[in-house]
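Heads up: the structure comes next, in structure tokens.
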Amino acid sequence: MRLLLLSCGLSFRTPCARGLRWPLPRVPPLLPHAIHASPRLCASPPPLPPPTCPALEPVISTNPALDMSLTFRTLAFYVISTVEQPQRMVEEHSAFLAERGMVGRVYCCADGVNAQVSGDVHACDEYMQLLVSSFPTQQLLFKLDPVAEVAFPKLRVKLKALVPSLQGERLNLADRGVDLSPVAWDEMMAEPSHKLLLDVRNGYEWDVGRFAGAERPRAAQFSDSDAALYGLPQDEQERAETPVMMYCTGGIRCEYFSAKLKQSGFKKVYKLQGGVQHYGNEFANTKKHAEAASMEEGGNGGSAGGGAAPHWKGSLFVFDRRNVMPMGSDEVVGRCAHCGAPTEIFLNCGNIDCNKLHLVCSKCLPRTQGYCCESCSTAPRRRPLPVSDATGAEGALLSAESIAALTQGPRPGALDPNKLSSIKPANVPRKAFDADTHGFRGRGDGSIVNGEEEVA
Ligand SMILES: [Zn+2]
Ligand SMILES: [Zn+2]
């Protein structure tokens with residue numbers, strides 16, 4: 001992969017690890033079963049364990065605008081690299097993370113690993129070290145955000161596809177799109193030449209933030225994504241010649257979708273390296289350094305580096321308790337489902353049989369009680385939002401804290417109020433509740449905040 005990137009004149013390394021030390025404290029490698037996917041990087045493939053070729057230094061992507069003094073971190077990463085014994089990896093990662101009190105989701109399969117976890121700083125350091133030891137020939141990119149508390153309710157490590165399969169297709173992951181660094185991405189975005197820009201996420205993610213010019217994704221869920229839904233050219237020659245740029249939150253959905261497009265005849269396929277999370281971090285780093293340089297030169301540092309990331313509008317939807325992350329932009333592009341006012345408050349509809357993830361403003365929330373529409377507010381099976389608990393008086397404006405308490409995912413160890421199997425709503429009879437499959441995950445967008453099926 002690295003050789004491919006170099007041959008394309010693109011540099012994988014980006015200056016985003018400033019201020020973070022590497023290597024981290026050594027953790028003995030537990031997992032000798034990740035094979036070398038790029039043996040050409042070594043003179044000859046070394047026996048494992050231990051690798052004789054030093055592990056590639058990872059990239060650690062962080063946002064300097066966030067408060068690094070916080071005790072906890074969220075850590076997101078994935079690697080596409082053949083795993084010979086994925087079940088064993090599941091067991092070992094599960095034990096490793098549980099021992100350190102970490103929470104989150106880790107999916108392992110023969111294709112690699114996809115993880116979004118959270119724990120204290122030291123535990124996250126150790127997990128990164130373990131991953132580097134396990135995949136020594138892969139350039140890993142870790143997205144590390146400081147958080148005040150762990151961002152997931154529990155730990156789930158599963159033997160599972162890294163993303164839901166695209167219409168059941170088995171893709172050749174050796175033939176994927178080319179990574180563009182955030183800088184290269186911006187340069188290509190600025191070029192006037194014809195290209196297609198694809199948002200490889202869900203519609204509700206687009207609603208709260210997106211690249212300028214990207215259309216709202218039409219697929220109800222990732223597994224439905226295909227060239228026709230994006231209105232891509234059918235003509236063979238046009239497919240071969242048209243450049244396609246794609247992005248998603250953390251990059252993994254583009255790994256699969258770019259492989260699918262390449263196997264459908266597209267030749268010029270580009271994906272945003274590390275996804276929008278890394279793009280936002282890189283922009284914040286560049287801005288911070290430009291401001292520091294401006295201060296040194298006697299300026300006030302205020303305007304250096306410009307405002308928000310040049311091509312991004314709004315914030316970024318994330319699949320953890322935070323729901324939405326800032327991207328350095330003051331522009332709010334999300335719109336309330338009820339009144340159209342700007343908002344970034346996400347909520348699953350309180351009608352259990354709808355459960356639609358929708359945006360609601362702080363003014364409409366007390367009145368609408370978390371229902372997405374009038375008919376849902378009178379549906380038979382409801383999960384009303386405890387708005388009056390949060391405000392003391394129904395109808396009052398909600399504080400940011402009480403909105404967060406109502407709309408963010410469950411706290412660590414708490415039951416998930418969005419999951420029917422967790423809580424019996426007061427207005428659902430016990431018999432009906434017990435008869436339910438308890439596995440219902442919503443309709444409409446097919447989405448659910450902090451849903452376990454979601455991927456970055
Ligand atoms: Zn509203
Ligand atoms: Zn609804």
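Here are 199, 175, 186: which of them is of a type outside the set (Phe, Trp, Tyr), in contact with a helix residue (DSSP H, G or I) (Cβ under 6 Å, 6 or more places away or on another chain), in the same structural domain as residue 220 (by TED's automatic domain parsing) and open to solvent by 20 Å² or more (accessible area, probe 1.4 Å)?
Checking each option against the conditions leaves just 175.
Mind listing whichever residues of segment 323-371 are open to solvent by 20 Å² or more (accessible area, probe 1.4 Å), within 15 Å of ligand 2 (Cβ to nearest atom) and touching a residue at least 40 places away in the same chain (Cβ under 8 Å)?
Listed by number, the residues that qualify are 353, 354, 356.
Give the number of residues within segment 315-344 that are part of a strand (DSSP E or B) and either touching an Asp or Glu at 6+ places or on another chain (Cβ under 6 Å) or within 12 Å of ligand 1 (Cβ to nearest atom) (or both).
Within segment 315-344, residues that are part of a strand (DSSP E or B) and either touching an Asp or Glu at 6+ places or on another chain (Cβ under 6 Å) or within 12 Å of ligand 1 (Cβ to nearest atom) (or both) number 4.
Looking at residue 226, is it touching a residue at least 60 places away in the same chain (Cβ under 8 Å), farther than 27 Å from residue 61 by Cα and either open to solvent by 30 Å² or more (accessible area, probe 1.4 Å) or in contact with a helix residue (DSSP H, G or I) (Cβ under 7 Å, 6 or more places away or on another chain) (or both)?
Judged against the criteria, residue 226 is a match.
Give the number of residues within segment 372-387 that are within 16 Å of ligand 1 (Cβ to nearest atom) and open to solvent by 20 Å² or more (accessible area, probe 1.4 Å).
Residues that pass the stated criteria total 5.
Can you find, within segment 127-169, the residue that is farthest from residue 73 (Cα to Cα) among those that are of a type in the set (D, E, K, R) and surrounded by fewer than 21 Cβ atoms within 10 Å (Cβ to Cβ)? Give the derivation first.
If we filter segment 127-169 for residues that are of a type in the set (D, E, K, R), which is where we start, we get 143, 145, 149, 154, 156, 158, 160, 169.
Imposing the further condition that a residue be surrounded by fewer than 21 Cβ atoms within 10 Å (Cβ to Cβ) reduces the set to 149, 154, 156, 158, 160, 169.
On the way: 149: 8, 154: 15, 156: 17, 158: 21, 160: 24, 169: 35 Å.
The extreme case among them is 169.
Quick one: which strands (runs of 3 or more DSSP E) lie wholly within segment 152-257 and hold at least 2 residues that are closer than 20 Å to residue 107 by Cα?
On the way: elements: 155-159, 178-180, 196-199, 209-211, 244-247.
Ranges flagged: 155-159.
Let me confirm something: among 191, 241, which residue is among the acidic types (Asp, Glu), in contact (Cβ under 8 Å) with a residue 12 or more places away in the chain, open to solvent by 30 Å² or more (accessible area, probe 1.4 Å) and over 24 Å from residue 77 (Cα atoms)?
241
The values are calculated or read from the model by the stated rules, or taken from the named source; none is laboratory data. All figures in this text were calculated on a predicted structure; none of them were measured in a lab. No Cβ is skipped: glycine too gets one built from the backbone with ideal geometry, and neighbour counts run over all protein chains shown. Surface accessibility is based on the protein's heavy atoms, side chains included, excluding ligands, DNA and RNA. Shrake-Rupley method; radii C 1.70, N 1.55, O 1.52, S 1.80 Å.
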